[in-house]
Every structure is written in C-alpha cells, then in structure tokens.
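Accompanying notes for the structure given below.
The values are calculated or read from the model by the stated rules, or taken from the named source; none is laboratory data. Predicted model only: the values in this text are computed from it and were never measured. Positions of Cβ are backbone-derived with ideal geometry, glycine not excepted, and every protein chain shown enters the neighbour counts. Each accessible area value is taken on the protein alone, full model and side chains, heavy atoms only, with ligands, DNA and RNA left out. Shrake-Rupley method; radii C 1.70, N 1.55, O 1.52, S 1.80 Å.
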Amino acid sequence: MKLPLFILRVAYTLARRFEIADATRLLHLDAVDFLAPTLPDGYTLRSPGAAELFERIQTGNAPAEIGSPRSVSSQRRVVVVTTPENEVVSYLWIAIESVDANENFSRARHLGTSVDLPPRAGFLFNAWTHPDHRGKRFVGCMMSYIIENQLVDTNTLVTTMDWTNEKSSRAFSHVGMKPIGTVIRLGRGPLQLSLLPRAASQFGLKLACQAPGYKFAL
C-alpha cells in the first residue's frame with residue numbers, strides 16, 4: 001500500500017472511531033450484467049417469512065443480528081438465508097423504495113445515509129456470513145436467488161459498503177457490481193457535511209435526504 005493511501009486510511013480509521021466520519025462506496029449493477037456464482041454442495045438458499053425468521057432466532061438457528069421479523073412483513077424488505085442444515089450461516093437483505101439512514105451506516109448510526117430508490121431498483125444491505133463459511137461467494141448466490149425467483153420487482157441492484165472494506169468490495173465485484181462514487185458523511189448532530197457522488201442522480205438515486213447540515217454533489 002502506498003504511503004499517502006496508508007496515512008489516509010489511518011486518519012479515516014481514527015475519525016470513524018470517534019464517530020465523526022463515515023465514507024462508503026456506492027455500487028450499482030444492472031441485473032442483465034449479473035455474473036451468477038454456483039452454490040457449493042451441501043448448502044440451501046431460502047427466503048423465510050416473518051414467522052419462520054422469528055422461530056429461527058428464538059431457537060438459536062439464526063443470529064439475533066439478522067434483523068427484525070417485522071421487517072419481512074412490511075412487503076418492502078426480503079431476507080435470503082444460506083443454511084447447510086438448519087443453522088443460518090449467511091444472510092442478505094434487499095429493500096425496495098427506500099432505506100432509512102439508521103439501516104445504512106458503517107460505524108456511526110447518526111452518519112448513516114438514507115437512499116431513495118427509483119422504480120424496479122433494489123438496495124442490498126445487512127449482509128453477513130459466519131467466519132467458518134466465508135470465501136464461498138454466498139452473497140452472489142443469494143443475489144442470484146433474489147433475481148431468479150423474482151423475490152422483488154427489480155432489474156437494478158445497488159449497495160454501499162465502508163470505503164476500507166476490501167473483502168466486501170471484492171465479493172460484490174465478483175458478480176459484476178461496479179462503483180459509481182463515494183459517499184462521505186462528516187460531523188455530529190445537526191452539524192454535518194455530506195459529500196455525495198454526482199453520478200448517483202444519473203441512476204435515479206437520492207442520497208442522504210434525511211441528513212441534516214450541508215450537502216454537496218461532487
């Protein structure tokens with residue numbers, strides 16, 4: 001890693017620790033360009049309803065961090081899980097219409113970025129894979145499951161991830177997602193500054209509408 005980039009990463013890590021900065025890559029993919037991976041043998045994909053998700057959490061077969069079963073009941077959220085047997089070892093959520101700022105943040109919830117989506121666009125978020133099962137491209141497999149089974153009416157996929165999260169960046173690039181800019185959110189409370197990628201509007205995305213303070217498109 002080159003020295004200037006190393007210094008920038010260190011500075012950002014410190015700023016993020018003090019919860020005064022959040023920088024996320026914005027990625028985009030047309031479904032027709034999706035590069036579907038093959039699900040490894042021994043694993044199953046499914047999209048549980050609210051009752052099933054609640055039961056899995058209660059029985060310890062899904063981590064509590066997976067999210068609220070009530071979100072599935074909203075008709076604007078779908079979750080896909082990967083299981084070798086009964087235990088959930090990976091999950092991925094997709095939302096349509098919009099995602100609130102408190103659902104899309106790197107470390108500091110108050111610096112989350114809301115996303116308003118155009119018709120037929122889906123936002124991927126809250127992706128997780130158990131450390132013992134990583135490297136099997138489950139994220140791409142779950143994306144493929146969403147597209148093939150038409151779980152939501154979408155032909156475009158969008159996501160964000162922390163600027164320093166190289167593993168997630170590679171996972172999404174493997175299936176064809178491409179970066180279209182970086183969202184930078186700085187500050188605390190009402191004293192905030194948002195630097196937003198101008199390219200987002202070209203894809204019909206409205207970013208940080210819920211954020212206070214000053215906003216600039218770059």
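Place a point 7 Å from Cα of Lys178 in the direction of its Cβ. Which residues in region 192-216 have their backbone N less than 15 Å from it?
Residues passing the 15 Å test: 199-200, 202-203.
Averaging the inverse of every distinct alpha carbon separation and then flipping it gives the Kirkwood radius. What is it for the chain, in angstrom units?
Radius from the Kirkwood sum: 18.0 Å.
Give me the distance between the Cα centres of region 110-174 and region 14-85, rounded to whole Å.
A separation of 8 Å, based on Cα centres.
Between Leu35 and residues 5 or more places away or on another chain, which pairs have amide H atoms under 5 Å apart, with H built 1.01 Å from N, and which residues are they?
Gly176
Just the projected area, averaged over all directions, of the convex hull on the alpha carbon atoms of region 1-102: how many nm²?
Averaging across all directions leaves 10.1 nm² for the Cα convex hull.
For Lys2, give me every one of the lysines with a C-alpha distance below 20 angstrom, ignoring sequence neighbours fewer than eight places off in its own chain.
Lys167
Using θ = phi - 60° and the Karplus curve 6.51 cos²θ - 1.76 cosθ + 1.60, what whole-Hz ³J(HN,Hα) does each residue of region 51-66 get, with Gly and Pro shown as x?
Those phi angles translate into 5, 5, 5, 4, 5, 4, 5, 5, 8, x, 8, 8, x, 4, 5, 4 Hz.
Going by average Cβ density within 10 Å per residue, which order do the peptides 25-34, 87-96 take, highest to lowest?
With the highest mean Cβ count within 10 Å placed first, the list reads 87-96, 25-34.
If you count only protein heavy atoms and use a 1.4 Å probe, how large is the accessible surface of Phe203, to the nearest 10 Å²?
Approximately 80 Å² of Phe203 is accessible to the 1.4 Å probe.
Could you state the accessible area per residue of the chain in Å², with a 1.4 Å probe and every protein chain left in place? Don't skip to the end; give the middle numbers.
Details: 11590 Å² over 218 residues.
Per residue, the chain has an accessible area of 53 Å².
Using a 1.4 Å probe on the protein heavy atoms, what percent of the accessible area of the chain belongs to carbon and sulfur? Display every interim value, and only then the final one.
Working: 6130 of 11590 Å².
Summing carbon and sulfur atoms, their accessible area is 53 percent of the total for the chain.
Give the accessible area for Leu5 in Å² (nearest 10); use a 1.4 Å probe, count only protein heavy atoms, and leave out ligands, DNA and RNA.
That residue has around 70 Å² of solvent-accessible surface.
Normalising by the residue count of the chain, find the relative contact order in percent from Cα pairs under 8 Å and 6+ residues apart.
Computed over the chain, the figure is 27 percent.
How much solvent-accessible surface does Asp132 expose, in Å² to the nearest 10, with a 1.4 Å probe and all protein chains in place?
Near enough 120 Å² of accessible area.
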